[in-house]
């Protein structure tokens, strides 16, 4: 089942977005409330539908037969990742379900960040996804058209879990570039205030005739 999710620039939308992006509790847990600068960029994009979000419901599989071809796909991906090999983990089950749901996209690869399909135009993540990471990743992979996020299934009912599809318009890439440029300029201004350029270059900024010796 597919449901379109709408957003607006209000606290309820922020809470809704936070619940989607940060559904996993633990050491990697984050919150969009701590990403105020990124929210100012992302919320208008979500509100206008330039980032279009749809919710998908699927039946979560607890077990996979050992002869399931999906294990071969998982093993090929695992060789290029830091995934734990040789023993069953909870996140492994979520990744296997994600691979099952995405089978129609073809053969997956791993680019060092996410599971990828169609030469990086579609990416999949099982875990929390900070907004800032998404915008920076889009700059690294401008071909990205869709991010699929498989959220924590531990609150599911009747084995029905959810994943979310983020469809990105071309305007999102420009917004990500503008955001990155603004953050870089802000960091540079901070550096200039703390350490003036002349001092960073190993000079006092004075001409030779002005030196006190």
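A short reminder: the numbers here are calculations on the coordinates, not readings from a lab. Bear in mind the structure is a predicted one, so any value in this text is a computation, not a measurement. In this analysis, Cβ positions are derived from the backbone assuming ideal geometry, glycine residues included, and neighbour counts consider all displayed protein chains.
The length gained on full extension between residue 2 and residue 82, counted as 0.36 nm times the residue separation minus their Cα-Cα distance, comes to 25.6 nm. Modelled spin-label separation between residue 183 and residue 139, with each label point placed 7 Å from Cα along the Cα-to-Cβ direction: 0.7 nm.
Over all directions, the projected convex hull of the C-alpha atoms in the range 2-194 averages 12.4 nm² in area.
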